[in-house]
1. Hey, can you tell me all the residues within segment 108-124 that are touching a helix residue (DSSP H, G or I) at 6+ places or on another chain (Cβ under 7 Å) and either acidic (Asp, Glu) or closer than 16 Å to CYS12 by Cβ (or both)?
2. Residue by residue through segment 139-154, note down the ones that are crowded, with 21+ Cβ neighbours inside 10 Å and part of a helix (DSSP H, G or I).
3. Please pick out the residue among LYS204, LYS186, LYS211, LYS200 that is over 19 Å from the mean Cα position of the chain (by Cα), surrounded by fewer than 16 Cβ atoms within 10 Å (Cβ to Cβ) and within 14 Å of GLU283 (Cβ to Cβ).
4. Could you grab me the full set of residues in segment 185-244 that are modelled with pLDDT of 95 or more, out of contact with any Pro (no Cβ under 7 Å at 6 or more places or on another chain), in a loop (DSSP other than H, G, I, E, B) and more than 21 Å from TYR143 (Cα to Cα)?
5. Check segment 72-86 and report whether any residue there is charged (D, E, K, R), in contact (Cβ under 8 Å) with a residue 60 or more places away in the chain and buried (at least 20 other Cβ atoms within 10 Å of the Cβ).
6. Please go through segment 40-57 and give me each residue that is over 14 Å from GLY101 (Cβ atoms) and buried (at least 20 other Cβ atoms within 10 Å of the Cβ), ordered by number.
7. Which one of ASP5, ASP42, ASP92, ASP66 is in a strand (DSSP E or B) and acidic (Asp, Glu)?
8. Pairs, please: C-beta under 6 Å, at least 6 apart or cross-chain, first residue under 30 Å from TYR288 (Cα atoms) and in segment 161-180, second among the hydroxyl-bearing types (Ser, Thr, Tyr) and assigned to a loop (DSSP other than H, G, I, E, B)?
Amino acid sequence: MQRADIKIGFGCNNHCLFCVQGDKRNFCVAKSKKEIYKSLEDSFKQGKKEVVFTGGEPCLHPDFFDLIKYAKKTGFKEIQIQTNGRLFAYNDFCIKTIKAGVTQFSPALHGHNAKIHDFLTCAEGSFKQTIQGIKNLKKLNQYVLTNTVITSTNAKFLPKIAQLLVALNVNQFQFAFIHASGTAAKNKDWIIPKKSEIMKYIKKGLDIGIKAKKRVMTEAIPYCLMQGYEDCIAERIIPPSIVYDAGFVINDYHQYRKDKGKLKGPNCPKCKYFKICEGPWREYPEIYGWDEFKPIKK
């Protein structure tokens, strides 16, 4: 199903060192209920049957529950919340969100312990709350798909993160390679790992999920580094999406990623995956170049 991604506000109770949204929280106020309702109506008329509320932290929007109810009333079949998961540490908040109509929860977990997660989020106690949020949602039989941003700090611990997610019984988890934009761009000198040097940790983490029969995905890692794990590449299955951002709309996010977000190198045309691979985020080769990307023979 086609999807609408609506960034409803950029306020957040984390201050992640890798946040792609950067300083938007400082100058972008939460969107009005009227504006978001219109985005829901317009995207549904265009054939979108899934909606994802994102931010910032969408749970902080003052009209959060009304927005969910309106999405359900409009007719969306799937309603997902992309969240840091902290407010779901409160069981009453979980129940109220479920009753409003949410069908999928996508909390973010960036470490296997508080030391790493809280360091990356710059929010003491965030690990404890996110873990409790996941536990609460699973006890309420909700579909939970987590996202972990791969950084130089947590890369070698991805297998341990995978073990923790399996123990928490999440339905799906994803390792998303950091995008050097926003706050991450300010920290690019130390926070961006070299992909070829950390693939062993990524694949071991995926293996743990696969063995546990979980759906496991990666994002922003080209095919040439994912041999044997091609089915785990999220770009294969990301639905066509319209993105309502801060004052502008991206009507076709798939095309936007290909044209403006990502990049292919000089040897990429020689690869058998050239037509379907999106390449890395375009900022990445500015840091490490193209040598590690070896074309797969056709």
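The values are calculated or read from the model by the stated rules, or taken from the named source; none is laboratory data. Just so you know, these numbers come straight off a predicted model, no measurement behind them. Here the Cβ positions follow ideal geometry from the backbone for every residue, glycine too, while neighbour counts run over all protein chains shown.
1. Answer for segment 108-124, where residues must be touching a helix residue (DSSP H, G or I) at 6+ places or on another chain (Cβ under 7 Å) and either acidic (Asp, Glu) or closer than 16 Å to CYS12 by Cβ (or both): LEU109, HIS110, HIS117, ASP118, GLU124.
2. none
3. Numbers: LYS204 fails: within 14 Å of GLU283 (Cβ to Cβ); LYS211 fails: within 14 Å of GLU283 (Cβ to Cβ); LYS200 fails: within 14 Å of GLU283 (Cβ to Cβ).
It is LYS186.
4. ASN187, ILE192, PRO193, LYS194, ILE221, MET226, GLN227, GLY228, TYR229
5. Just the residues of segment 72-86 that are charged (D, E, K, R), to begin with: 72-73, 77-78, 86.
Retained after the next criterion (residues that are in contact (Cβ under 8 Å) with a residue 60 or more places away in the chain): 77-78, 86.
With buried (at least 20 other Cβ atoms within 10 Å of the Cβ) added as a condition, the list becomes 86.
Looking for residues that are charged (D, E, K, R), in contact (Cβ under 8 Å) with a residue 60 or more places away in the chain and buried (at least 20 other Cβ atoms within 10 Å of the Cβ), one finds at least one in segment 72-86, hence yes.
6. SER43, LYS48, THR54, GLY55, GLY56, GLU57
7. Numbers: ASP42 fails: in a strand (DSSP E or B); ASP92 fails: in a strand (DSSP E or B); ASP66 fails: in a strand (DSSP E or B).
Result of the check over ASP5, ASP42, ASP92, ASP66: ASP5.
8. ILE178/THR151
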